[in-house]
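> Before I ask anything, here is the structure I am working with.
The values are calculated or read from the model by the stated rules, or taken from the named source; none is laboratory data. In this text the structure is predicted, and so the values were computed from the model without any measurement. Cβ: placed from backbone, ideal geometry, glycine included. Neighbour counts: every protein chain shown. Side chains are part of the model used for accessible areas, which takes the heavy atoms of the whole protein and leaves out ligands, DNA and RNA. Shrake-Rupley method; radii C 1.70, N 1.55, O 1.52, S 1.80 Å.
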Amino acid sequence: MKAQGIIKAASASVNVELGSLSPDIGQAIIQASQEVIDGKWDEQFVVDVYQAGAGTSQNMNANEVIARRATEIMDGAQQVHPNDHVNMSQSTNDTFPSALNIAAVESIQQKLIPALTNLQEELQKKSEQFMPVLKAGRTHLHDGVPIRLGQEFSGYAQTIQNMKQQIEEDLQGLYEIGLGGNAVGTDINLQPGYVPKVIQEVNNLTNLTFREPKDIFAFMQNMSEPLHCMLTLKELAVHLIKITSDLRLLSSGPRTGLAEITLPPVQPGSTVMPGKVNPAILEMTHMVCCQVIGYETTVSTAARASQLEINVMMPVIAHTFLHSIELMSNAINTLVQKCITGIQADEKVCKQWMNASLSLVTGLSPKLGYDMASQIGLTADEQDKTLKQVLEEKGMLTDEILQAIDPKGMV
């Protein structure tokens, strides 16, 4: 609604400037539109997301609310018409996708990017905090060579940094808005000079830098930029699932799991097991990511509904895309505040698992060869002994061999 209000106000201002609309009606429309921008009449926008056409019902809802309010502002001195006045120089087909892009840019700039920045910075802080902590690495969920806990977290931090950069790149395409394309892109019923002026007015109202599309017909035929951004949100969701799943594994226990890190408790974890604490925030984030992955399928499927000059599934694309941005932003903020900042390492447990790892035998390969090192590792596993015990029994435990299996030399 806010973005539609911005477009209606910008259009009225330009129509007055070009002499297409009387100043008194134009000013009333601008005032009423500003009230829509401020959210004063949100309850008056009653059209369901699942509607006919490419958002015509939603656009007319906005036209009618603004026209009615503008008429009240003028004390009924003149009847403001929703089509002739409020919708002047516009069509649903150009304003609806433009409003979607305006709303998405504002939401990504104000919510999602700051949330990702906070997450990346907090993960980087944890990486630095945990860098001295040595632990067992794991591949295929089995023993792997040693790694620093801080190195694991540095991977998480860089992954989020990469995704933030990708979203910032995708954001640039959303700055194209096709105002003035009107019904099919041919600028029918427009005064000369309308397009650059109305886009500049939108920029004045938003303090952003929207621009004309490279090709107005491509803009109106396709939902390329929302689809592109939605694919990136899906990728972000996949990475967040990986990170939160890792943190669940690393904090599993406290007595029967890995228990290498501890999470801040936020709620009782069980209605039947007293004292149990679950990784609630990680699970919440995982669920949000599942929702966003499903939403990407919705947007991709709806984007296929572009026939000839327009897409007729824009309302569900707009709802799903904007909701995804909001969900992700809220989930990430909660993840940072109620989980990441409070994570602590259990160095004793990390050391215990690391020293028990059979993959320390990897350090013997350059000294003894792969086959001999493998035999030593299998013997230790079969006899439930440490590598040092097996090496000592074989008379092979020299200072050089001890150094070869020292975890500190492997990271």
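> Normalized C-alpha radius of gyration of the range 211-358, against 2.2 N^0.38 Å?
1.43
> Further question: For the chain, what does -39500 (n - 2.57) per DSSP helix run (n ≥ 4), summed and divided by total residues, give at 222 nm, in deg cm²/dmol to the nearest 500?
When only DSSP H runs of four or more count, the value is -19500 deg cm²/dmol.
> When DSSP beta bridges are limited to those with both residues in the chain, what percentage is antiparallel, rounded to the nearest 5? Present the calculation step by step, with values, prior to reporting the outcome.
Details: 10 of 11 bridges.
Roughly 90 percent of the beta bridges in the chain run antiparallel, per DSSP.
> Quick check: at a probe of 1.4 Å, how many percent of the accessible area of the chain sits on carbon and sulfur atoms?
Working: 10070 of 19800 Å².
Whole-percent figure for carbon plus sulfur exposure: 51.
> Provide the gained length on full extension for the span K242 to E347, in nm with one decimal, where the gain is 0.36 nm per separating residue minus the Cα-Cα distance.
Here the segment from K242 to E347 would lengthen by 35.5 nm.
> Oh, and also: Around Q389, with a cut-off of 14 angstrom between Cβ atoms, what is the net charge of the other residues, counting Lys and Arg +1 and Asp and Glu -1?
Around Q389, the charge tally is -2.
> Taking 56 Å as R0, compute the FRET efficiency from the Cβ-Cβ separation of Q44 and L378 and round it to 0.05.
On the way: r = 74 Å, r/R0 = 1.32.
Once rounded, the FRET efficiency stands at 0.15.
> What FRET efficiency would be calculated for the residue pair S22, I113, taking the C-beta separation as r and a Förster radius of 45 Å, to the nearest 0.05? Before the final figure, lay out each step's value.
On the way: r = 42 Å, r/R0 = 0.92.
E between S22 and I113, to the nearest 0.05, is 0.60.
> Provide the per residue accessible area, probe 1.4 Å, for the range 117-262, rounded to a whole number of square angstrom.
Here the residues of the range 117-262 average 48 Å² of exposed surface.
> Continuing with the same structure: Using only Cα atoms, find the angle between the long axis of helix 314-338 and the longest principal axis of the chain, and express it within 0 to 90 degrees, rounded to the nearest 10.
40 degrees
> On to the next question. Tell me, what is the per residue accessible area of the range 286-369 in Å², probe radius 1.4 Å? Walk me through the numbers on the way to the answer.
On the way: 3900 Å² over 84 residues.
Counting only protein heavy atoms, the per-residue value for the range 286-369 is 46 Å².
> Identify all lysines with a Cα-Cα distance to K214 below 29 Å; exclude those on the same chain that are fewer than 8 residues away in sequence.
Excluding near neighbours in sequence, the set is K2, K8, K111, K164, K197, K234.
> Please state the charge dipole magnitude for the range 29-143, taken about the Cα centre, from unit charges on C-beta atoms (+1 on K and R, -1 on D and E), reported in debye and rounded to the nearest 20. Don't skip to the answer; put the middle values down first.
Values: 8 positive and 15 negative charges, 123 e Å.
It comes to approximately 600 debye.
> 7 Å from Cα along Cα→Cβ at both S365 and S300: what's the point-to-point distance in nm?
3.7 nm
> So which chymotrypsin sites (Phe, Trp or Tyr not before Pro) in the range 289-369 pass both tests, a DSSP loop state and at most 11 other Cβ atoms within 10 Å of the Cβ?
Here no loop site has a sparse enough neighbourhood.
> Same structure, new question: At a 10 angstrom cut-off on C-beta neighbours, averaged per residue, how do the peptides 85-91, 314-320, 248-254 rank from highest to lowest?
Listed from highest to lowest mean packing, they are 85-91, 314-320, 248-254.
> Report the calculated FRET efficiency for Q51 and E168 (r = Cβ-Cβ distance, R0 = 25 Å), to the nearest 0.05.
Efficiency for this residue pair is about 0.15.
> Separate question: Cα axis of helix 92-107 to longest principal axis of the chain: angle in degrees, 0 to 90, nearest 10?
The angle comes out near 40 degrees.
> Which values of log₁₀ I(q)/I(0), to two decimal places, follow from the Debye formula for the chain at q = 0.08, 0.15 Å⁻¹ with a uniform point scatterer at every Cα?
Here the Debye-derived log intensity ratios amount to -0.59, -1.23.
> Which angle between 0 and 90 degrees, to the nearest 10, do you get for helix 56-73 versus the longest principal axis of the chain when only C-alpha atoms count?
60 degrees
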